[in-house]
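So the structure is just underneath, and the comments pick up after that.
The values are calculated or read from the model by the stated rules, or taken from the named source; none is laboratory data. Keep in mind the model is a prediction, meaning the values are calculated, not measured. Cβ: placed from backbone, ideal geometry, glycine included. Neighbour counts: every protein chain shown. We work out accessible area using only protein heavy atoms, side chains counted, and drop any ligands, DNA or RNA first. Shrake-Rupley method; radii C 1.70, N 1.55, O 1.52, S 1.80 Å.
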Amino acid sequence: HVTFTAGGSGDGGGDVKEDYSSVQISQCDTRLKASVVSCQRVGSTVVFTCNLLNNGLGDVNDFRIYPPSSSSLISDGVRSKIIDDSQSDYPDATISFRGGSASSYRTIIGLLPDGVASKVVVTIGNVPGSVKKFSLIKLGVYAYPDSQYHLVNKYIDFKNVPVY
């Protein structure tokens, strides 16, 4: 159960409680723990932030996240996918990870150090105001080389993510 309190917007509306306890997370491996940090709207843009905690893989020098429209997948890799509560898809979302950022066809590659939480930021544009949650935010992930790390799954699913 995770509840965050964000400060008021200055409009006198008071604090907004962000409750992510309804989010169901399908982890890709017991050695890599994903958790939600926030999912916030600014106009028609929603920014979803999560942490990936490497807890036992060792230092992964080549950790990959595949954006929704990635053209480069290796070893049965999985593209990220974002679907809102009205089943609309967002193939142009931008994903940022450890200083790298990509949308469309590029793959994000970065270091995933052992024992450190690494932030992943997914920026989703053109989200209608009627969208109150995302049915699915799937991160397609890969630890290269697979022969060394053997992740159980090549994705992390966040289901029923509320938007604040």
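Packing around the peptides 148-156, 78-86, 127-135, taken as the average count of other Cβ atoms within 10 Å per residue, puts them in this order, highest first: 78-86, 148-156, 127-135.
Near the amide H of VAL37, within less than 5 Å, lie the amide hydrogens of THR49, CYS50, ASN51, all on another chain or at least 5 residues away, with H placed in the peptide plane. In a fully extended conformation the segment linking ASP62 and THR45 would gain 3.2 nm over its present Cα-Cα distance, using 0.36 nm per residue. Sorting SER72, SER147 on solvent-accessible area from highest to lowest, probe radius 1.4 Å, gives SER147, SER72. In a DSSP loop and with at most 14 other Cβ atoms within 10 Å, the chymotrypsin sites (Phe, Trp or Tyr not before Pro) in region 51-123 are TYR105. For region 96-154, the pair-distance distribution built from all alpha carbon pairs, in bins 5 Å wide starting at 0, is 4, 12, 20, 24, 18, 11, 6, 3, 1 percent. In the chain, the alpha-carbon atoms span a convex hull of 111 Å³ per residue.
For region 23-117, the C-alpha radius of gyration sits at 1.12 times the compact-globule guess of 2.2 N^0.38 Å, with N the residue count.
Backbone geometry of region 124-129 corresponds, through the Karplus equation with coefficients 6.51, -1.76 and 1.60 at θ = phi - 60°, to 3J(HN,Hα) couplings of 10, x, 6, 8, x, x Hz, x marking Gly and Pro. Across region 30-44, coupling constants 3J(HN,Hα) worked out from phi with the 6.51/-1.76/1.60 Karplus curve, θ = phi - 60°, read 5, 8, 9, 9, 9, 9, 7, 9, 6, 8, 10, 9, 10, x, 9 Hz, and Gly and Pro carry x.
Under 15 Å of direct C-alpha separation, and excluding same-chain neighbours fewer than eight residues apart, LYS81 reaches these aspartates and glutamates: ASP89, ASP92, ASP157. For region 86-93, putting each phi into the Karplus relation 6.51 cos²θ - 1.76 cosθ + 1.60 with θ = phi - 60° gives couplings of 9, 6, 7, 9, 10, x, 9, 4 Hz, in residue order, rounded to whole numbers and with x for Gly and Pro. The stretch between ASN153 and SER135 holds 4.5 nm of extra length on full extension. This uses 0.36 nm per residue minus the Cα-Cα distance. Split the accessible area of the chain by element, probe 1.4 Å, and carbon with sulfur accounts for 48%.
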